[in-house]
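Asks: My questions all concern the structure below.
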Amino acid sequence: MPLPRLLNRIGVYGFLGAMALLSVFPFIWMIVGTTNSTGDIILGHLGLGHAFLDNTQKFFTQANAPLIFWNSAKISLLGTALTLAVSSVAGYGFEIFRSPGRDWLYAGLLLTIMIPFAVLMIPLFMIMGRLGLINTHIAIILPTVASGFVIFYFRQATKAFPSELRDAARVDGLKEWQIFLYIYIPTMRSTYAAAFVIVFMATWNNYLWPLIVLQTNEMKTITLVISSLASAYYPDYGVVMVGALVATLPTLIVFFAMQRQFVQGMLGAIK
Amino acid sequence: MPAPISLRRYYDVNGWFFVVPALGLIAVFMIYPIIWSLWMSFQTGRGLVMHFGGLANIVRLTEDPVFQLALTNTILFFVIQVPIMLTLALFTAVLLDDPKLKFAGLIRTAIFLPCVMSLVVYSVIFKSMFVDDGVVNRALAAVGAISGPIPWMSDPFWARVLLIVAITWRWTGYNMIFYLAALQNIDRSIYEVARIDGVPATARFFRLTVPMLKPVILFTTVTSTIGTLQLFDEARNIVASDTSAGTAGPGDSVLTLSVYIYNLTFRFMPSFGYAATVSYVIVILVALLSFVQFTVARERD
Amino acid sequence: MSDLKLVDVSKSFGAVEILKKINLDVKAGEFIVFVGPSGCGKSTLLRLIAGLEEITAGELVIGGKRMNDIDPSHRGLAMVFQSYALNPHMTVAENMGFALKFAGLPSAEIRARVLSAAHILDLEPLLQRRPKALSGGQRQRVAIGRAIVRQPKVFLFDEPLSNLDAGLRVHMRIEIAKLHRQLGVTTVYVTHDQVEAMTLADRIVVLRAGEVEQIGSPLDLYDNPANLFVAGFIGSPKMNLLPAIVTRTADGRPALRIPDIGDALVALPDRAPRLEDGRAVYIGIRPEQFCVDGSAEFDLAIDIVEHLGGTTFVYARKGSSAAIVVETRDGRAHKSGDAIAVRFDPASLYLFDADGGRIRSAAFGQPNA
């Protein structure tokens, strides 16, 4: 290999290696951190320590870990299921049926994707107050169920759904909702998987809205608990690391189990 | 046998059944709040005692130093952070797109991994890494880059740098994936012809790659801008903030518009009308910047 | 088995009229093929019959019943699609039995019907496979099987063979013809391939720009095209169509002057109708109508020779005009660049108006004259 090309190769691998290492380091730091005491963590100790059991035990007792984990899981799974159901039905409906006014309605829907949550949060909080839903998990789920983005995602994906499958089913005598249920959903499984990943991630990691709505400790999600653990004047970082790991594991597992759908889901927006 | 109604009508009625549940929810939890918020932005008063104030809230914006700080911070973050991150993402993507590169899949997965972490979680991890005697300062000192610890948590300048570093860590891989996908859709023979024609590598990048990636670059710019304008989780969790007092970072150095709205609503004696006004500032910024970016992209055609 | 009738059927999308007053009588058991260039409306017409599109005006009658507003599944028909429309998540057997399940048939009956269709189509070993694991031809057979099990009164085929490669297409064409003979079900078949139309149809409907150009048996269309379009569309290679001008020979007999072959003069048969001098017409002559002993003769230069073994197609021209295709049975000696003397009998000519209409006369268009 000629020298300039060799240097070029070294540069490329050096840069990419550094990028990869920097990207992964906080994960390593988090895992190592679960075994270290807070004192070691704030002194930048990089080796494995002996405080893992101690940290874990404190996290489970102080933060009532099983309950908050259950809260997060419940909100995320239920919220994701409802979002996929309602929004995929709508995305399908927008693409398949040519109803009058469809296009301007859809354009308006796309605009809502651009609306910052800050605009919505005060009225939403008041609506939830009137409905008596403050400090409930339903209040977290409801506003996300009809998502402009997920509807958009499903409509884009539906463009690839062969219209002949629908025509054949109509000739076969299926009603429109049966076509959706028995033909569309099974055919679009990978689209659902990708959408599941992105919606689950978003609900599992949601912070601002739960922060506003959930007020008592036994209702809180894991994200909220980690935030409040870390914002103490002297945070117990060992406990925080255990919490961070517990909060990251589900998304990490989803990522490695469904890496293809994960990336597809992210890219879905521009296809 | 079904009633012999017109087929077209039959399909249309069904179409509405599919769309109506979502539209109903969006009307209640999206459209109604948007309008209510707009209406509130013309109301003044504290708590639930509100009365019509006309443009009073807009006047208050011009006289409110905290708002102006939050606005400056927010704009600062996206003006500096978005270009750095997107350049880095594009550069990495182009390097990774080389079919002869070894370990490309592994490196790509590694760089994408930060996307898996929730915003709050990565914020608190960064917080633990950037304390005065923490791992980052120690590493910088070990390679001789600094003589004393950098005061990430207590100096306004460094607190802002920390925030930018953190956001860049979290989102570079995300944007890189978009570029990689777009690069893979480019016909390789375009590059092969250019190489045979003797077009140098830098010209191939700026004359071929960048123009062909323009739609994706526009998309990532718009989404990153919208995201940065709404910055909340990181600003509230990375830099040690006195959440009871409602400040964000030393001297409110990482106070963003979203944090300020939250504080106005839920921290201080609630000032709903004014908070709504500030939230519409974000709307206007989002609309304005998206418009500018689309226009710029079109003019370059 | 059912007859099918279209009365003044029209279809518009917005202001665009796709089909204009189509009339057609399909007899029970008949095999009808819609053929025409892409965009002629043939697929739309099929979808109107299926009930996948709404009829704008006119009437569709199947088995004596008006079907305009009847749901597709209650029209007693089954349809085979170009892309086969197999559900990817179901096995072959499930795909074939799917419609029956929704028709509420008992599962034993469904099984029996699927098995018998699978037997007819040679699909028995594939019943538990999914479409992904099948070849194109096998998928096509499954799609047909799915239609058979419904025991429809009318079969609809929408370009069912266009996704297959050439060899398979010929094979499936024969299979479909056999199937039709076996089951005797009224069939409406859409294709853009005139060879498919010729080989399958009892009667062909030629469509162009939303209008019926001609309806007739394959040989009827071939021997007796109603106009320039049908003449050019049916037959492969195409009929040679050349502009000509009515004139007179030196001795005053009516003749045609053909500018494209060096102003060659062709004397018209004695029985020809009187055409005024100077009138612009088209003459049509099929490649196989060139023969060794016709009265008209001219010399051409050979462009390209296609030896198919049994027959030879010679593409020849005079000067820079369009190539004329000549079919010969003993053309093995021909080479590119050679001269060729081409003869034909003027009585075998087809004559068309400048606007494409056929000029009918006992004196012309005698294919075997």
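Asks: For the subset of region A:249-271 comprising residues that are more than 10 Å from chain B (Cβ to nearest Cβ) and under 24 Å from B:Thr223 (Cβ atoms), which member is modelled with the highest pLDDT?
Replies: That would be A:Met258.
Asks: So, one more: Taking region A:113-126 as the search range and keeping residues that are surrounded by fewer than 19 Cβ atoms within 10 Å (Cβ to Cβ) and within 8 Å of another protein chain (Cβ to nearest Cβ), which one is nearest to A:Val150 (Cα to Cα)?
Replies: At the first step, the residues of region A:113-126 found to be surrounded by fewer than 19 Cβ atoms within 10 Å (Cβ to Cβ) are A:113-114, A:117, A:126.
Still in the list and also within 8 Å of another protein chain (Cβ to nearest Cβ): A:114, A:117, A:126.
Values: A:Met114: 13, A:Phe117: 16, A:Met126: 25 Å.
This residue is A:Met114.
Asks: Restricting attention to region C:199-238, report how many residues are of a type in the set (D, E, K, R) and in contact with a helix residue (DSSP H, G or I) (Cβ under 6 Å, 6 or more places away or on another chain). It would help to see each step written out before you state the result.
Replies: Of all residues in region C:199-238, those of a type in the set (D, E, K, R) come to C:202-203, C:208, C:211, C:213, C:220, C:223, C:238.
Checking the rest, the ones that are also in contact with a helix residue (DSSP H, G or I) (Cβ under 6 Å, 6 or more places away or on another chain) come to C:208, C:213, C:238.
The total comes to 3.
Asks: Would you call A:Val246 more than 10 Å from chain B (Cβ to nearest Cβ), touching a Phe, Trp or Tyr at 6+ places or on another chain (Cβ under 7 Å) and farther than 30 Å from A:Ser163 by Cβ? Let's see the steps before the verdict.
Replies: Details: more than 10 Å from chain B (Cβ to nearest Cβ): no; touching a Phe, Trp or Tyr at 6+ places or on another chain (Cβ under 7 Å): yes; farther than 30 Å from A:Ser163 by Cβ: yes.
Answer is no for this residue.
Asks: Something else: With region A:24-111 as the region, which helices (runs of 4 or more DSSP H) entirely inside it contain at least 1 residues that are in contact with a Phe, Trp or Tyr (Cβ under 7 Å, 6 or more places away or on another chain) and more than 8 Å from chain B (Cβ to nearest Cβ)?
Replies: Working: elements: A:38-42, A:52-62, A:65-96.
In region A:24-111, A:38-42, A:65-96 are the helices (runs of 4 or more DSSP H) which contain 1 or more residues that are in contact with a Phe, Trp or Tyr (Cβ under 7 Å, 6 or more places away or on another chain) and more than 8 Å from chain B (Cβ to nearest Cβ).
Asks: Return the pairs, sorted by first residue and then second, in which the second residue is surrounded by fewer than 15 Cβ atoms within 10 Å (Cβ to Cβ), the first residue lies in region A:9-23 and is part of a helix (DSSP H, G or I), the beta carbons are less than 9 Å apart, and the residues are 6+ apart or on different chains.
Replies: These pairs meet every condition: A:Arg9/A:Met1; A:Val12/B:Asp98; A:Tyr13/B:Lys102; A:Tyr13/B:Phe103; A:Leu16/B:Phe103; A:Gly17/B:Phe103; A:Ala20/B:Phe103; A:Ala20/B:Leu106.
Asks: Taking the residues in region C:121-136 that are within 25 Å of C:His180 (Cβ to Cβ) and part of a helix (DSSP H, G or I) as candidates, determine which candidate is farthest from the chain's Cα centre (by Cα). It would help to see each step written out before you state the result.
Replies: Within region C:121-136, the subset within 25 Å of C:His180 (Cβ to Cβ) is C:121-127, C:131, C:134-136.
After this cut, where a residue has to be part of a helix (DSSP H, G or I) as well, the list is C:121, C:124-126, C:131, C:136.
Details: C:Leu121: 25, C:Glu124: 33, C:Pro125: 34, C:Leu126: 33, C:Pro131: 30, C:Gly136: 23 Å.
Among them, the one singled out is C:Pro125.
Asks: Now a separate question. Given the options C:Asp260, C:Asp270, name the one that is surrounded by 13 or more Cβ atoms within 10 Å (Cβ to Cβ) and of a type in the set (D, E, K, R). It would help to see each step written out before you state the result.
Replies: Values: C:Asp270 fails: surrounded by 13 or more Cβ atoms within 10 Å (Cβ to Cβ).
Only one candidate qualifies: C:Asp260.
Asks: (1) more than 13 Å from every other protein chain (Cβ to nearest Cβ); (2) on the phi < 0 side of the Ramachandran plot; (3) not in a helix (DSSP H, G or I): which one isn't true of B:Val193, the others all being true?
Replies: Of everything listed in (1) more than 13 Å from every other protein chain (Cβ to nearest Cβ); (2) on the phi < 0 side of the Ramachandran plot; (3) not in a helix (DSSP H, G or I), B:Val193 misses just condition (3).
Asks: With respect to C:Pro218, determine if the residue is under 14 Å from C:Met198 (Cβ atoms), in contact (Cβ under 8 Å) with a residue 60 or more places away in the chain and not acidic (Asp, Glu).
Replies: For C:Pro218, the condition - under 14 Å from C:Met198 (Cβ atoms), in contact (Cβ under 8 Å) with a residue 60 or more places away in the chain and not acidic (Asp, Glu) - is not met.
Asks: Right, something else. Would you confirm whether any residue within region B:103-124 is among the small types (Gly, Ala, Ser), more than 15 Å from B:Glu234 (Cα to Cα) and within 7 Å of chain A (Cβ to nearest Cβ)? Give the derivation first.
Replies: Of the residues in region B:103-124, the ones among the small types (Gly, Ala, Ser) are B:104-105, B:110, B:118, B:123.
Checking the rest, the ones that are also more than 15 Å from B:Glu234 (Cα to Cα) come to B:104-105, B:110.
Those still in the list that are within 7 Å of chain A (Cβ to nearest Cβ) too: B:110.
Among the residues of region B:103-124, at least one is among the small types (Gly, Ala, Ser), more than 15 Å from B:Glu234 (Cα to Cα) and within 7 Å of chain A (Cβ to nearest Cβ), which makes the answer yes.
Asks: Name the residues in region C:326-362 that are assigned to a loop (DSSP other than H, G, I, E, B) and either of a type in the set (D, E, K, R) or touching a helix residue (DSSP H, G or I) at 6+ places or on another chain (Cβ under 8 Å) (or both), would you?
Replies: Kept after step one, since they are assigned to a loop (DSSP other than H, G, I, E, B), are these residues of region C:326-362: C:329-338, C:345, C:349, C:354-356, C:359-362.
Matches in region C:326-362: C:Arg329, C:Asp330, C:Arg332, C:Lys335, C:Asp338, C:Asp345, C:Asp355, C:Gly356, C:Arg360.
Asks: Of the residues A:Leu22, A:Leu82, A:Leu48, which single one is surrounded by 14 or more Cβ atoms within 10 Å (Cβ to Cβ) and within 26 Å of B:Phe112 (Cα to Cα)?
Replies: On the way: A:Leu82 fails: within 26 Å of B:Phe112 (Cα to Cα); A:Leu48 fails: surrounded by 14 or more Cβ atoms within 10 Å (Cβ to Cβ).
Of A:Leu22, A:Leu82, A:Leu48, the one residue that is surrounded by 14 or more Cβ atoms within 10 Å (Cβ to Cβ) and within 26 Å of B:Phe112 (Cα to Cα) is A:Leu22.
Listed here are the residues, each with its yes/no results for (1) among the small types (Gly, Ala, Ser); (2) closer than 20 Å to A:Ser23 by Cα; (3) assigned by TED's automatic domain parsing to the domain that holds B:Thr220.
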{"site": "B:Val120", "(1), (2), (3)": "no, yes, yes"}
{"site": "B:Ser128", "(1), (2), (3)": "yes, yes, yes"}
{"site": "B:Arg138", "(1), (2), (3)": "no, yes, yes"}
{"site": "B:Ala159", "(1), (2), (3)": "yes, no, yes"}
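Asks: Give me the pairs, please: first residue somewhere in region C:63-79 and within 12 Å of chain A (Cβ to nearest Cβ), second residue anywhere and part of a loop (DSSP other than H, G, I, E, B) and among the hydroxyl-bearing types (Ser, Thr, Tyr), beta-carbon distance under 7 Å, and either six or more positions apart or on two chains.
Replies: Sorted first by the residue in region C:63-79, then by its partner, the pairs are C:Gly76/C:Ser2.
Asks: Looking at region B:271-301, which of its residues are farther than 23 Å from B:Val216 by Cβ, surrounded by fewer than 19 Cβ atoms within 10 Å (Cβ to Cβ) and touching a helix residue (DSSP H, G or I) at 6+ places or on another chain (Cβ under 8 Å)?
Replies: Across region B:271-301, the qualifying residue is only B:Val283.
Asks: A further question follows. Looking at region C:195-238, which of its residues are among the aliphatic types (A, V, I, L, M), within 20 Å of C:Val326 (Cα to Cα) and in contact with a Phe, Trp or Tyr (Cβ under 7 Å, 6 or more places away or on another chain)?
Replies: Once the filter is applied, which keeps residues that are among the aliphatic types (A, V, I, L, M), within 20 Å of C:Val326 (Cα to Cα) and in contact with a Phe, Trp or Tyr (Cβ under 7 Å, 6 or more places away or on another chain), region C:195-238 yields C:Leu228, C:Ala231, C:Ile234.
Asks: Which of the residues spanning region A:55-65 are surrounded by fewer than 15 Cβ atoms within 10 Å (Cβ to Cβ) and modelled with pLDDT of 90 or more? Even if it seems obvious, please write down each step before you answer.
Replies: Step one: filter region A:55-65 for residues surrounded by fewer than 15 Cβ atoms within 10 Å (Cβ to Cβ), giving A:57, A:61-62.
Matches in region A:55-65: A:Gln57 only.
Asks: Continuing with this model, one more query. Can you go through B:Trp158, B:Trp171 and tell me which one is more than 10 Å from chain A (Cβ to nearest Cβ) and more than 30 Å from A:Gln264 (Cα to Cα)? Write out each step before concluding.
Replies: On the way: B:Trp171 fails: more than 30 Å from A:Gln264 (Cα to Cα).
Within the list B:Trp158, B:Trp171, the selection yields B:Trp158.
Asks: Give region B:251-301 a look and list any residue that's over 22 Å from the mean Cα position of the chain (by Cα) and in contact (Cβ under 8 Å) with a residue 60 or more places away in the chain, or say none.
Replies: Result: B:Gly251, B:Met269, B:Pro270, B:Ser271, B:Phe272, B:Gly273, B:Tyr274, B:Arg300.
Asks: Can I ask one more? Out of B:Ala182, B:Ala139, B:Ala235, which single residue is at the interface with chain A (Cβ under 10 Å from one of its Cβ atoms) and touching a residue at least 12 places away in the same chain (Cβ under 8 Å)? Explain how you work it out, then say what you get.
Replies: Values: B:Ala139 fails: touching a residue at least 12 places away in the same chain (Cβ under 8 Å); B:Ala235 fails: at the interface with chain A (Cβ under 10 Å from one of its Cβ atoms).
Every option except B:Ala182 fails the conditions.
Asks: On to the next question. Pick from C:Ala117, C:Ala108: which is surrounded by fewer than 15 Cβ atoms within 10 Å (Cβ to Cβ) and either assigned to a helix (DSSP H, G or I) or more than 14 Å from chain A (Cβ to nearest Cβ) (or both)? Spell out the reasoning first.
Replies: Numbers: C:Ala117 fails: surrounded by fewer than 15 Cβ atoms within 10 Å (Cβ to Cβ).
Among C:Ala117, C:Ala108, only C:Ala108 is surrounded by fewer than 15 Cβ atoms within 10 Å (Cβ to Cβ) and either assigned to a helix (DSSP H, G or I) or more than 14 Å from chain A (Cβ to nearest Cβ) (or both).
Asks: Let me ask something additional. I need the helices (runs of 4 or more DSSP H) fully contained in region A:144-238, keeping only those with at least 3 residues that are within 14 Å of chain C (Cβ to nearest Cβ) and touching a residue at least 60 places away in the same chain (Cβ under 8 Å).
Replies: Working: elements: A:148-158, A:163-171, A:189-205, A:208-213, A:222-230.
Because the criterion is at least 3 residues that are within 14 Å of chain C (Cβ to nearest Cβ) and touching a residue at least 60 places away in the same chain (Cβ under 8 Å), the helices (runs of 4 or more DSSP H) in region A:144-238 that meet it are A:189-205.
Asks: Additional query: What number of residues in region C:88-118 are within 24 Å of A:Pro162 (Cα to Cα) and among the small types (Gly, Ala, Ser)?
Replies: Our first condition is that a residue be within 24 Å of A:Pro162 (Cα to Cα); within region C:88-118, this holds for C:88-103.
Filter once more, so that each one left must be among the small types (Gly, Ala, Ser): C:93, C:97, C:99, C:103.
Total meeting the criteria: 4.
Asks: Only one of these conditions is not met by B:Ile164: (1) part of a helix (DSSP H, G or I); (2) within 14 Å of chain A (Cβ to nearest Cβ). Which number is it?
Replies: The failed condition is (2).
Asks: If you check B:Val222 against the conditions, is it modelled with pLDDT of 85 or more and either under 20 Å from B:Leu96 (Cβ atoms) or assigned to a helix (DSSP H, G or I) (or both)?
Replies: Working: modelled with pLDDT of 85 or more: yes; either under 20 Å from B:Leu96 (Cβ atoms) or assigned to a helix (DSSP H, G or I) (or both): yes.
For B:Val222, the condition - modelled with pLDDT of 85 or more and either under 20 Å from B:Leu96 (Cβ atoms) or assigned to a helix (DSSP H, G or I) (or both) - is met.
Asks: Kindly check whether there is at least one residue in region C:298-307 that is under 17 Å from C:Tyr350 (Cβ atoms) and either in contact with a Phe, Trp or Tyr (Cβ under 6 Å, 6 or more places away or on another chain) or not in a loop (DSSP other than H, G, I, E, B) (or both).
Replies: The first filter runs over region C:298-307 and keeps only residues under 17 Å from C:Tyr350 (Cβ atoms), leaving none.
Scanning region C:298-307, I find no residue that is under 17 Å from C:Tyr350 (Cβ atoms) and either in contact with a Phe, Trp or Tyr (Cβ under 6 Å, 6 or more places away or on another chain) or not in a loop (DSSP other than H, G, I, E, B) (or both), so the answer is no.
Asks: Moving on to the next point. Could you tell me whether region C:27-48 includes any residue that is within 23 Å of the chain's Cα centre (by Cα), more than 14 Å from chain B (Cβ to nearest Cβ), surrounded by fewer than 22 Cβ atoms within 10 Å (Cβ to Cβ) and charged (D, E, K, R)?
Replies: yes
The values are calculated or read from the model by the stated rules, or taken from the named source; none is laboratory data. These numbers were taken from a predicted model, which means no experiment stands behind them. Cβ atoms come from the backbone with ideal geometry, glycine included; neighbour counts cover every protein chain shown.
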